[in-house]
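**Student:** First, the structure itself, so that you have it in front of you.
Derivation of every value follows stated rules applied to the coordinates shown; laboratory data play no part. All values reported here derive from a predicted model rather than from experimental measurement. FYI the Cβ positions are ideal-geometry reconstructions off the backbone, even for glycines, and counts take in every protein chain you see.
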Amino acid sequence: MKNHKTAVVAAFAVAATALSGCGGAASSAPNADCKPAHAFPTVAQGKLSVVLYDLPPFSKLDGNKVTGVDGDIVNAIAGMECLTVSAKSVATAANIPTVQAGRADLSIAAWYRTASRAEIVNLTDPIYTDQMAIISKDGLDDAEQLKGKTVGTVDGYLWVDDMKKLLGDSLKVYPTTLNMNQDLAAGRIDIGIDSYGSAQFNKKGDFKVAVIKPNEAIAASKEAAQIGIPVPKQNTELLAALNADLKTLRENGKLKEILKANGLDASAADTGAARLIK
């Protein structure tokens, strides 16, 4: 999630350490008469090897099952391809290098489709967007309504610099969502700004979450970051199969069902044309 920058060379050691001796979890095996929708190689025969880190409501390893938005999507794809999901939770910085090295078929954690990331791994077509949202007691949805209030957001999001220009010293930037929500609950800030999914998952009390209206001063409010699944550069067959399966999930309505089931707005599935964050 967010615009994590991947230090590839340094992180290879992290990836190797994270995977060595790391017990994975596998979902139940498909039916014997299952016919896969596509043919492509995987790291382990009959399995879809997935790495992730816990990022509710997007990705979480719950016992032997991946859950969350991305987890549900991968489970649906595995079902279409007659594969068992074999998942490992690894350090955040180890996810992309693990896929890049071909040690996993893919990673899930609401990964932004960025130009730098696309240089080292293949990225699927956009699946959904990471919508910018306002957390308030009044259901505010317009950035102009935030002027004169004490506002908090989390470092690393695409909108931080634009919000600094708009709100100046009244914007407080936190290192984590937890820190921001603690101050919001304690009344030390009036308003929070987070991704819609994270805001819905973490909100407490009588706070309301609303997708922000497009604002010319905030690029992320007009064109939200697109989420994709990273796969190894060399496995073009897997990439093609994932894109075809994602298209099926979009067309049959399953994708929007998954988004809503995990607390996201169904409109997040309306990604627009594919684009990469520079």
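**Student:** Note down the net charge around A104, summing +1 for each Lys or Arg and -1 for each Asp or Glu among other residues with Cβ under 11 Å from its Cβ.
**Tutor:** +2
**Student:** Pick from V160, V50, V66: which is most flexible by mean-square fluctuation in a GNM of the chain where alpha carbon atoms under 10 Å apart are linked?
**Tutor:** Ranking V160, V50, V66 by mean-square fluctuation puts V160 first.
**Student:** Something else now. Give me the dipole magnitude in Debye, nearest 20, for the chain about the Cα centre, with unit charges on the beta carbon: positive for Lys and Arg, negative for Asp and Glu.
**Tutor:** 340 debye
**Student:** If I stretch the segment between D142 and H38 completely, what's the gain in nm (0.36 nm per residue apart, minus their alpha carbon distance), one decimal? Please list the in-between numbers first.
**Tutor:** On the way: separation 104, 0.36 × 104 = 37.44 nm, distance 4.46 nm.
Full-extension gain reported as 33.0 nm.
**Student:** Among the lysines, select those whose C-alpha is under 25 Å from the C-alpha of K260, and discard any that sit fewer than 8 residues away in the same chain.
**Tutor:** Filter leaves K2, K60, K65, K137, K203, K204, K208, K213, K222, K247.
**Student:** Computed over the Cα atoms of region 158-278, what is the convex hull's projected area averaged over all directions, in nm²?
**Tutor:** Dividing the Cα hull surface by four gives the mean projection, 9.5 nm².
**Student:** Still on this structure, please answer the following. Going toward the positive end of the dipole of region 132-222, with +1 on Lys and Arg Cβ and -1 on Asp and Glu Cβ, which of G168, F201, M132 do you reach last?
**Tutor:** F201
**Student:** First select every other residue whose beta carbon is under 15 angstrom from the beta carbon of L171; then total the charges, Lys and Arg +1, Asp and Glu -1.
**Tutor:** In short, -2.
**Student:** Mind jotting down the three principal axis lengths of the chain based on Cα atoms? Whole angstrom, largest first.
**Tutor:** Reported extents, whole Å, longest axis first: 61, 42, 33.
**Student:** Now for a separate question. Among DSSP beta bridges whose residues both lie in the chain, state the antiparallel percentage, nearest 5.
**Tutor:** Working: 22 of 39 bridges.
The answer is about 55 percent antiparallel.
**Student:** A follow-up question, please. Along the charge dipole of region 132-222, which of A186, G156, A217 sits closest to the positive end, that is, farthest toward it, with unit charges on the beta carbon of Lys, Arg, Asp and Glu (+1, +1, -1, -1)?
**Tutor:** A186
**Student:** Hey, another quick one. Calculate, for E223 and T84, the FRET efficiency according to 1/(1 + (r/R0)^6) with r their C-beta to C-beta distance and R0 45 Å; round to the nearest 0.05. Can you show the working numbers first?
**Tutor:** Details: r = 37 Å, r/R0 = 0.83.
Computed FRET efficiency for E223 and T84: 0.75.
**Student:** Can you tell me, using C-alpha contacts under 8 Å and at least 6 residues apart, the relative contact order of the chain as a whole percent?
**Tutor:** Details: 545 pairs, mean separation 67.9, N = 278.
Over the chain, the number comes to 24 percent.
**Student:** Cut-off under 18 Å on the C-alpha distance; same-chain residues fewer than 8 positions from K88 excluded. Which aspartates and glutamates are left, in chain and number order?
**Tutor:** D54, D62, D70, D72, D105
**Student:** Sticking with this structure for a sec: Taking the beta-carbon count within 10 Å as an exposure proxy, list C82, C34 from fewest neighbours to most.
**Tutor:** C34, C82
**Student:** Got the relative contact order for region 132-222 handy, in percent, Cα pairs under 8 Å and 6 or more residues apart? The partial results should precede the final answer.
**Tutor:** Numbers: 160 pairs, mean separation 42.0, N = 91.
Computed value for region 132-222: 46 percent relative contact order.
**Student:** Excluding R250 itself, what net charge comes from residues whose Cβ is under 12 Å from its Cβ, given Lys and Arg +1 and Asp and Glu -1?
**Tutor:** In short, -2.
**Student:** Moving on to the next point. Would you kindly work out the equivalent ellipsoid of region 132-222 from its C-alpha gyration tensor and give its semi-axes, the square roots of five times the eigenvalues, largest first in whole Å?
**Tutor:** Calculated on Cα positions only, the semi-axes equal 17, 14, 13 Å.
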